[in-house]
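Below is one structure, written out as structure tokens, with a few remarks after it.
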Amino acid sequence: MALEDEAKFLRKAVRAKLMDADKGTAALYVFSQLKQMGAQFSFGQFLVERGLLSQMALEGLSDE
């Protein structure tokens, strides 16, 4: 399963110092597993719901 957009988003969040790279990489792995099982939510929302990213940070990154 290709996760190019999610990986790009993660790199942007790490560069902005909004997320730890190791935690983000682990979250991307879990997200990819959930997507394979049919989950219908975005990576950004997944991060917010798990407390790894604030809603404000998500909106800021999404606007760029």
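How high is the FRET efficiency from Thr25 to Asp63, r the C-beta distance, R0 30 Å, rounded to 0.05?
Computed FRET efficiency for Thr25 and Asp63: 0.80.
Roughly speaking, to the nearest percent, how much of the chain's 1.4 Å accessible area is carbon and sulfur? Of the solvent-accessible surface of the chain, carbon and sulfur hold 53 percent.
Put simply, when 34-40, 11-17 are sorted by average Cβ atoms within 10 angstrom per residue, most first, you get 11-17, 34-40. With both labels modelled 7 Å from their Cα along Cα-to-Cβ, the Val14 to Gln55 distance reads 2.8 nm.
Taking a sphere under 11 Å around the Cβ of Val30 and counting the other residues whose Cβ falls inside, with K and R at +1 and D and E at -1, yields a net charge of +3. For the chain, the percent of C-alpha pairs falling in each 5 Å distance bin, counted from 0 to the bin holding the largest distance, reads 4, 18, 34, 27, 13, 4, 0.
The values are calculated or read from the model by the stated rules, or taken from the named source; none is laboratory data. The shown structure was predicted, so the numbers you read here are calculated from the model rather than taken from an experiment. All Cβ positions, glycine included, derive from the backbone under ideal geometry; neighbour counts span all protein chains shown. In case anyone asks, the SASA skips ligands and DNA or RNA and just uses the protein heavy atoms, side chains included. Shrake-Rupley method; radii C 1.70, N 1.55, O 1.52, S 1.80 Å.
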